[in-house]
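The values are calculated or read from the model by the stated rules, or taken from the named source; none is laboratory data. Note that this is a predicted model, so its numbers are computed, not measured. With ideal geometry, Cβ positions are generated from the backbone for all residues, glycine too; neighbour counts draw on all protein chains shown. Side chains are part of the model used for accessible areas, which takes the heavy atoms of the whole protein and leaves out ligands, DNA and RNA. Shrake-Rupley method; radii C 1.70, N 1.55, O 1.52, S 1.80 Å.
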Amino acid sequence: MLSEALLRSLERSTAAETLITVATDIWDEIGRVAALHRCETILIGLPELGTPGTLEQLEALIRDVDADVMVVRAPWRWRLADVERVLIPVAAGRGHNRLRARLLASLSRDSDRSLTYLRTVPAHSSPDARRRAERTLLAVARDEAVGTYEAQIEATTEPAEPIIRLAADADLLIMGLQPWRQQQHAVSMAFEVARATDTPLVLISQRRSRASALRSRLTPQRGDEPPPPAN
C-alpha cells in the first residue's frame, strides 16, 4: 500500500519526503514527528497486537495526535486494485465519515466494487427498530458509496461475531476507530475483529475538531482530584 501511495504521489507531482529517526519509544516518536511536520494523516501498519503494551500505546497515539490516523493490515503483494468485495461495519450513531468516503471513492475510480454496509443491533430489537437502523444505514451508504452497495442489519448478542463471519468473504474490511472516553468499546471491538480475522483491513480514526479536543482536555476525568481552593 505504501508503494502504491508513493506511485500516486508521483503521478500527481506531489513531493514525497523520506525521514528516518532513531528513538527509544517509537510511539512517542511518531507523535512527535507528526506534530513537528503538522501531518494531517498518519498511516500505520497494524502492529502485533499480542505484544504486551502495544494496544495501549497505539490507542494513546490515536487519542493524542491532532491528525487523522489510518491503521492498515495488508498481506504481501496485496493490491487495492484487486479488491472487489468491501465490508464496512458502521456503529450506531455514526454517520458520514469523510476519510471512509475518500477511500471508497479512490477504490471505485478504476472499477465498480461491491460494498456491504453492516450494522449490528441487539438480538431483542423490535422489527421497527431494525427498520429504522436499516434506513439510517442506507442513508450513510447513499452519502458515501460509489457504485453497487447494500445495507445489512444483523441482530446479535455479540456485535463482533457478524463482522468476523462476513469478513471471511470480503476482500477488504473498513472499520472506524474512535478511542475517546465514550467510545472505548468501539476500539476494543475493532481490535478484537483484527485479532480474529486475516482479511486485509483499514481502521480509520477521524480527528476531532480542535474545539472538541479542547473540551476533552478541560473535562475532568473520573477520579481526578478537584483543584485546591484559591486563597
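Test Thr116 against the criterion of being outside any helix (DSSP H, G or I), among the β-branched types (Val, Ile, Thr) and at pLDDT 90 or above, and give yes or no.
yes
Find all pairs meeting these conditions: Cβ atoms under 6 angstrom apart; at least six residues apart or on different chains; first residue within the range 151-164 and among the hydroxyl-bearing types (Ser, Thr, Tyr); second residue not in a strand (DSSP E or B).
Thr156/Ala123; Thr156/Pro162; Thr157/Ala123
Quick test of your reading of the structure: Glu48 fulfils all but one of (1) in a loop (DSSP other than H, G, I, E, B); (2) modelled with pLDDT of 90 or more; (3) of a type in the set (Asp, Glu). Name the failing condition by number.
All conditions are met except number (2).
From the list Asp64, Asp82, Asp28, Asp110, exactly one residue is open to solvent by 40 Å² or more (accessible area, probe 1.4 Å), more than 22 Å from Val140 (Cβ to Cβ) and modelled with pLDDT of 90 or more. Which is it?
Asp28
Yes or no: the range 120-127 includes at least one residue that is farther than 23 Å from Ala194 by Cα, without any contact (Cβ under 8 Å) to a residue 60 or more places away in the chain and not in a loop (DSSP other than H, G, I, E, B).
yes
Taking the residues in the range 70-79 that are in a loop (DSSP other than H, G, I, E, B) and among the basic types (Lys, Arg) as candidates, determine which candidate is most open to solvent (accessible area, probe 1.4 Å).
Selected residue: Arg77.
Do we find a residue being charged (D, E, K, R), open to solvent by 40 Å² or more (accessible area, probe 1.4 Å), within 21 Å of Asn97 (Cα to Cα) and assigned to a strand (DSSP E or B) anywhere in the range 128-148?
Within the range 128-148 (the criterion being charged (D, E, K, R), open to solvent by 40 Å² or more (accessible area, probe 1.4 Å), within 21 Å of Asn97 (Cα to Cα) and assigned to a strand (DSSP E or B)), the answer is no, since none of the residues qualifies.
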